[in-house]
Amino acid sequence: MPTATQTLSERFDPKMLAALEGLDFKARYVMEGFLSGLHDSPFHGFSVEFSDYRNYQPGDDLRHLDWRLYARSDRLCIKRYMQETNARFYIVCDTSASMRYQGGAAWGSKLECAKVLAAALTWFLLKQNDAAGMVTLSGEREVPEFIRPSQRPNQFGLMLRQLESLRATGGACLSRLLQDTIRLLHRRSVILFFSDLLEPSDDVAMGFKQLRFHGHEVIIFQVLDRDETEFPFTESRLFEDLETGERRMVTPAAARESYLARFNAFMDAHRELFRSLEMTHCVVRTDENPWRALALFLEERKRLK
Amino acid sequence: MPFSFLNPWFWLGALVVAAPIWLHLRRKRETNVVEFAALRFLDDQPEPRRSPLRLRDVVLFALRVLALLLVLAAFAWPYLRGADTAPIKESRVYILDNTLSHQANDGFTRDRDRVLSEVSKGASDIQMAVIELTSAPRVVVSFGENREAAKQKLKALEPSFQRGSYLAAFRQANSLLGNSLGEQKRIILLGDNQENQWTEQADTPAFLRNVQVDLPKITALALPNLSLSEPRVQRIFLGDKSLVNFTVKLSHAGEAKTADIVLRANEQVIFNRAVELENQPETILLQAQWEADPATWLRGEATVDGTPDALAGDNRVFFSLAPVIEGKVALLAQSPYLRLALSPEVMRGQWATRVLEPTKLAAELAGTEDADVLVVESNYLQSGDARKLLWRYVTNGRGVVLLVNRVTPSISGCLRELGFEAEGTVSTEKGSAERFQFVYSNHPIFHPFLSPDYGSLMDVKVSKYVQLKGSQAMPLIFSEKGAGLFFQGTKFPGKLFVAAFGLDREHTSWPIDQTFIPFLDLTLQTARAEDPAPTTFEPGEISKIQLPAGLAVREAVLRDERRVLIRAPVEQGRAQVRMPDKPGVYTLSYDDGTQVEKMFSVNPSPKESRLTYVDAPEALKMWRVNLPPGTGKPGAPAAWGKMSLSGILQQRWWWWMVMGGLAALMLEMALADAKVRQAR
């Protein structure tokens with residue numbers, strides 16, 4: 001039960017987040033709660049900054065006159081500003097069928113979690129006058145969808161609609177998504193990559209290496225479910241792969257140890273890969289507060305500046 | 001042994017078995033499978049060895065299903081079909097033509113033997129019925145009838161002399177097939193395809209639906225035949241002689257050159273002569289007269305013999321004639337010729353004439369004894385009493401012979417009431433009198449005059465006559481100028497004959513003509529109120545005989561020469577008698593008496609003598625219901641032969657089914673209990 005003294009971040013309720021309808025609301029809920037928990041406003045450092053003066057010329061907007069300087073020096077001068085950043089951010093989201101999984105403790109499926117995070121970050125970036133774009137695969141034929149990065153106010157709505165239309169229906173498509181991203185992005189950009197990375201392929205590692213080779217900064221949000229990280233099943237069940245339909249009869253008591261060992265090895269391998277490529281790797285669990293991922297991103301944002 | 005169910009729709013309940021199975025398996029599938037994203041880390045786990053749809057305990061499941069099915073089967077009431085309840089593939093109706101024409105070349109006997117053979121060796125999956133085509137088609141063998149009994153009935157069939165209707169037989173066959181069980185329905189006509197049978201009733205609404213019709217193959221479009229038909233016999237008084245006038249039609253088709261005609265009456269040969277047929281019309285009217293005792297019944301027959309002749313059944317015709325009963329004539333006429341002709345010297349024994357006095361008509365009107373026929377001249381109709389008397393005769397069903405020798409306004413008014421319009425008088429100049437131009441020779445009055453023995457009506461001259469137009473009368477004689485001279489009125493129940501002229505020399509030469517006395521006698525005979533019931537019939541025809549009023553009779557008895565054929569009960573003065581199938585002369589008497597009251601002659605229809613045939617009758621096409629393409633084939637499944645309900649109910653298979661179901665349930669419970677205990 002939340003109390004009045006709690007901050008919004010402390011009041012985070014996964015059920016409430018799940019109950020909210022519309023990605024817009026979810027993104028605002030996440031982002032505003034996250035921002036209210038910070039001591040320093042992120043807007044403070046990233047706003048447009050003063051650069052220098054120049055003499056007033058007829059036709060200049062009077063709003064930009066420095067009246068204080070005029071009072072002090074009796075000189076009419078116009079303030080000049082400098083746009084603080086021109087970074088390009090790309091949201092790249094995996095829509096393979098494995099992203100459909102939602103465990104019992106999760107507030108949403110992995111794809112829903114990724115979509116909320118992506119929307120929140122988009123909102124945040126556009127507020128900071130950063131250009132945001134998107135690369136996804138859509139439809140059964142997995143055609144790449146590309147949204148050109150922009151700072152325009154309507155960009156948020158455009159990306160929101162695209163995010164809402166994503167469905168976790170495809171097969172293993174991670175390597176293709178990476179290849180398409182490499183092909184479509186020509187300038188150095190910051191890539192926010194949302195995936196569970198549960199696609200065993202050398203091509204995936206190669207794709208990340210190529211991204212790095214092209215000079216892109218990549219922040220990987222690996223979205224996982226508690227069931228995948230901890231394997232909490234107790235009863236013997238028939239397990240069916242979401243992507244391949246393959247089936248295994250699993251007795252969790254006997255299989256858990258082996259599973260966790262193999263899973264952790266998988267995670268370690270990825271961590272090593274991303275470390276070697278100097279990529280930021282953030283594991284997001286669908287049953288946890290997503291702010292941890294946002295905080296990580298802000299830190300990384302500062303580093304990139 | 002074939003197995004069937006009384007209530008097969010109860011098997012729909014088997015769907016109940018499927019429902020819990022489906023629900024059970026569906027639930028298993030939903031709860032037992034986890035769709036997982038990281039299965040790649042579990043690929044060392046075993047693959048499922050059994051289908052998730054597999055039942056846990058097949059034996060228990062089978063027992064439960066078996067119990068349910070047995071109970072369902074019990075409700076469906078199973079029974080064993082006997083050997084006589086084979087599926088019916090075809091329902092077949094034979095129409096056996098037993099009309100006279102089919103006797104030609106033994107056609108009937110041949111087809112009867114064919115039906116007999118097919119009924120004997122017919123497959124058990126074919127229903128058969130046989131309809132005998134006679135004047136009233138009847139079902140001889142019905143569907144499902146025992147074959148031995150059917151054979152006996154067919155063997156008993158004899159050739160008949162009747163005329164029947166193909167249409168009636170086909171309708172009856174169609175009606176039978178409508179209630180039959182066979183998938184295919186078929187009518188097989190075993191007949192001769194006589195042309196006039198197909199053409200006379202072609203115009204009828206279509207009624208044959210989904211019925212196959214097999215027609216006989218004809219070998220020739222026509223067969224040679226000699227036949228006698230339409231015998232007519234009348235008594236004619238000529239002078240003091242009582243003659244019998246006999247006519248009969250001789251029809252010949254084929255190559256016969258001569259025909260021997262023999263006429264017998266009251267067991268005497270009247271006529272025995274060969275008739276030349278070459279270059280003669282197809283129908284020849286033969287006529288004979290002979291003297292006969294007017295007080296006795298006359299019965300006789302005429303036969304024809306010749307070759308080639310395919311049909312012998314129509315070579316003989318029978319006739320009969322009642323004895324003369326003296327009639328009464330009331331005469332109100334001045335014509336001396338008429339008075340003489342009706343005098344006892346001329347008409348003794350035939351007609352008793354009472355001459356009415358014009359001054360005593362009131363007394364006549366007051367009396368109650370009317371004559372059979374009133375002969376009156378129109379000039380007496382100016383008297384009101386004479387008009388009343390005339391009116392009484394025509395309205396009481398008596399006969400009237402009116403001679404229009406004068407027309408006045410009052411007479412015109414009277415004629416108008418009788419249905420005639422007088423339009424003036426025609427008088428020809430001396431020497432230019434008109435003769436009879438046309439005489440309706442088929443009328444009973446004039447039919448004997450076809451023979452020249454009674455003189456020629458064409459010699460009669462009329463010099464003065466009244467132009468009459470009869471709105472409700474039929475002209476029987478026309479003058480040379482087309483004026484009607486002699487009429488038969490149709491307005492009244494009594495017979496009214498009207499001559500447009502008087503019978504004296506001022507009007508006509510007829511009274512001194514040879515034909516006058518026979519004409520007068522025949523006219524009075526025709527005008528006399530007689531029993532309207534006919535005395536000539538076709539074989540099998542039904543007659544309603546009206547008995548004289550006031551006669552206490554229980555039954556009418558029809559006899560041939562040797563024995564009693566029919567005893568028909570009399571109800572309300574009427575008796576219904578079906579004439580025998582065989583042509584001949586039959587007598588009618590009342591109760592146990594032997595006195596002959598009536599005599600009937602039964603002769604075949606002349607239509608049966610026309611032996612012309614068609615191969616593909618148009619009528620059959622019109623009788624068929626034209627169905628849209630694709631709907632012509634009956635789609636009904638093969639039905640099973642009837643088995644009585646009591647027979648089905650006597651079989652107790654349902655009881656064993658119930659017991660079996662209960663046994664399966666008990667076994668299932670025992671097994672389930674054992675498994676539970678084992679699990680504990």
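Please report the antiparallel percentage of DSSP beta bridges with both residues in segment A:187-305, rounded to the nearest 5.
Roughly 25 percent of the beta bridges in segment A:187-305 run antiparallel, per DSSP.
Roughly what % antiparallel, to the nearest 5, for the DSSP beta bridges in chain B?
Percent antiparallel among DSSP bridges in chain B is about 70.
Summing Lys, Arg as +1 and Asp, Glu as -1, what charge do residues with Cβ under 10 Å from the Cβ of B:Ser601 carry, B:Ser601 excluded?
Charge balance in the 10 Å sphere: 0.
Once you average over the residues of A:236-249, how many Cβ atoms of partner chains fall within 10 Å of each Cβ?
Mean inter-chain Cβ contacts per residue within 10 Å come to 6.
Only helical DSSP H runs with n ≥ 4 go in: add -39500 (n - 2.57) per run for chain B, normalise by residue count and round the 222 nm mean residue ellipticity to 500 deg cm²/dmol.
-7500 deg cm²/dmol
Give me, ordered by chain and number, the residues 5 or more places off B:Leu565 or on other chains with an amide H under 5 Å from its own placed amide H.
So B:Leu565 has HN proximity to B:Leu558, B:Arg559, B:Asp560.
From the residues B:Ser165, B:Trp653, B:Leu476, which one has its Cα farthest along the dipole of the protein assembly as shown in the positive direction, the dipole being from +1 and -1 charges on Cβ of Lys/Arg and Asp/Glu about the Cα centre?
So the residue we want is B:Trp653.
If you average over every viewing direction, what projected area does the convex hull of the Cα atoms of segment B:225-322 give, in nm²?
In nm², the orientation-averaged hull projection of segment B:225-322 is 6.2.
Considering every pair of different Cα atoms, what Kirkwood radius, in Å, is found for segment A:113-206?
14.1
If you take the beta carbon distance between B:Glu47 and A:Leu260 as r and set R0 to 22 Å, what does 1/(1 + (r/R0)^6) give as a FRET efficiency, to the nearest 0.05?
Here the calculated transfer efficiency is 0.55.
Count charges around B:Leu331 for me, please; just the other residues with Cβ under 9 Å from its Cβ, Lys/Arg as +1, Asp/Glu as -1.
Neighbour charge sum, excluding B:Leu331 itself: +2.
Please list, short to long, the whole-number percent of alpha-carbon pairs of the protein assembly as shown in consecutive 10 angstrom bins beginning at zero.
Final binned percentages: 2, 8, 11, 10, 9, 7, 6, 5, 5, 5, 5, 7, 7, 7, 4, 2, 0, 0, 0.
Suppose every K and R has +1 on its Cβ and every D and E has -1 on its Cβ; what is the size of the dipole of the protein assembly as shown about the Cα centre, in Debye to the nearest 20?
2940
Calculate how large, on average over all directions, the projected area of the Cα convex hull of segment B:536-602 is; give the answer in nm² to one decimal.
Orientation-averaged projected area of the Cα hull: 4.0 nm².
Extent of segment B:63-152 along each principal axis, from alpha carbon coordinates, in Å, largest to smallest?
For segment B:63-152, the Cα spread along each principal axis is 73, 25, 20 Å.
If the viscosity is 1.306 mPa s and the temperature 10 °C, what Stokes-Einstein diffusion coefficient in µm²/s follows for segment B:396-438 when Rh is the Kirkwood radius over Cα pairs?
The Stokes-Einstein estimate is 124 µm²/s.
Counting partner chain Cβ atoms within 10 Å of every residue's Cβ in A:255-266, what's the average?
Counting Cβ atoms of other protein chains within 10 Å of each residue's Cβ and averaging gives 3.
Ranking B:Phe600, A:Phe213, B:Phe438, B:Phe537 by Cβ neighbours within 10 Å, fewest first, what do you get?
If I rank by nearby Cβ atoms, fewest first, I get A:Phe213, B:Phe438, B:Phe537, B:Phe600.
Ratio to report: Rg/Rh of chain B, with Cα atoms as the point set and Rh obtained by the Kirkwood method; give two decimals.
That ratio equals 1.26.
Long-range amide H contacts for B:Val460: which residues qualify at under 5 Å (H placed 1.01 Å from N, peptide plane, sequence gap of 5 or more or a different chain)?
Placed amide hydrogens put B:Phe436 under 5 Å from B:Val460.
Please express the shape of segment B:470-590 as an equivalent ellipsoid: the semi-axes are the square roots of 5 times the eigenvalues of the C-alpha gyration tensor, given largest first in whole angstrom.
Gyration-tensor ellipsoid for segment B:470-590: 41, 16, 14 Å.
So how do B:380-389, A:101-110, A:266-275 stack up, highest first, on mean other-Cβ count within 10 Å?
Top to bottom by mean Cβ count within 10 Å: A:101-110, B:380-389, A:266-275.
If each residue's Cβ is checked for other Cβ atoms within 10 Å, how do B:Leu226, B:Leu238 rank with the fewest at the top?
B:Leu238, B:Leu226
Output the antiparallel fraction of DSSP beta bridges having both residues in segment B:327-527, as a percent to the nearest 5.
About 55 percent, rounded to the nearest 5.
Of the listed pairs B:Lys495/B:Lys582; B:Lys249/B:Lys544; B:Lys464/B:Lys495, which have alpha-carbon separations greater than 29 Å here?
B:Lys495/B:Lys582
Using per-residue counts of other Cβ atoms within 10 Å, averaged over each peptide, order A:58-67, A:248-257 from highest down.
By packing density, highest mean first, the sequence is A:248-257, A:58-67.
Could you give each residue of segment B:97-107 its phi-based ³J(HN,Hα) in whole Hz, using Karplus coefficients 6.51, -1.76, 1.60 with θ = phi - 60°, and x for Gly or Pro?
With coefficients 6.51, -1.76 and 1.60, one gets 6, 10, 8, 4, 4, 7, 6, 4, 6, 6, x Hz.
Residues with beta-carbon under 12 Å from that of A:Cys282, excluding A:Cys282: net charge, scoring Lys, Arg +1 and Asp, Glu -1?
For residues surrounding A:Cys282, the net value is 0.
Per-residue HN-Hα couplings for segment B:147-156, Karplus 6.51 cos²θ - 1.76 cosθ + 1.60 at θ = phi - 60°, whole Hz, x for Gly and Pro?
Along segment B:147-156, the couplings run 5, 5, 5, 4, 4, 4, 5, 5, 5, 6 Hz.
Which ordering of A:Ser276, B:Ser432 is given by a fewest-first count of other beta-carbon atoms within 10 Å?
Ascending number of Cβ neighbours within 10 Å: B:Ser432, A:Ser276.
Quick note: the coordinates plus some simple rules give every number you see, no bench work behind them. Since we're looking at a predicted model, the values are computed, not measured. Cβ: placed from backbone, ideal geometry, glycine included. Neighbour counts: every protein chain shown.
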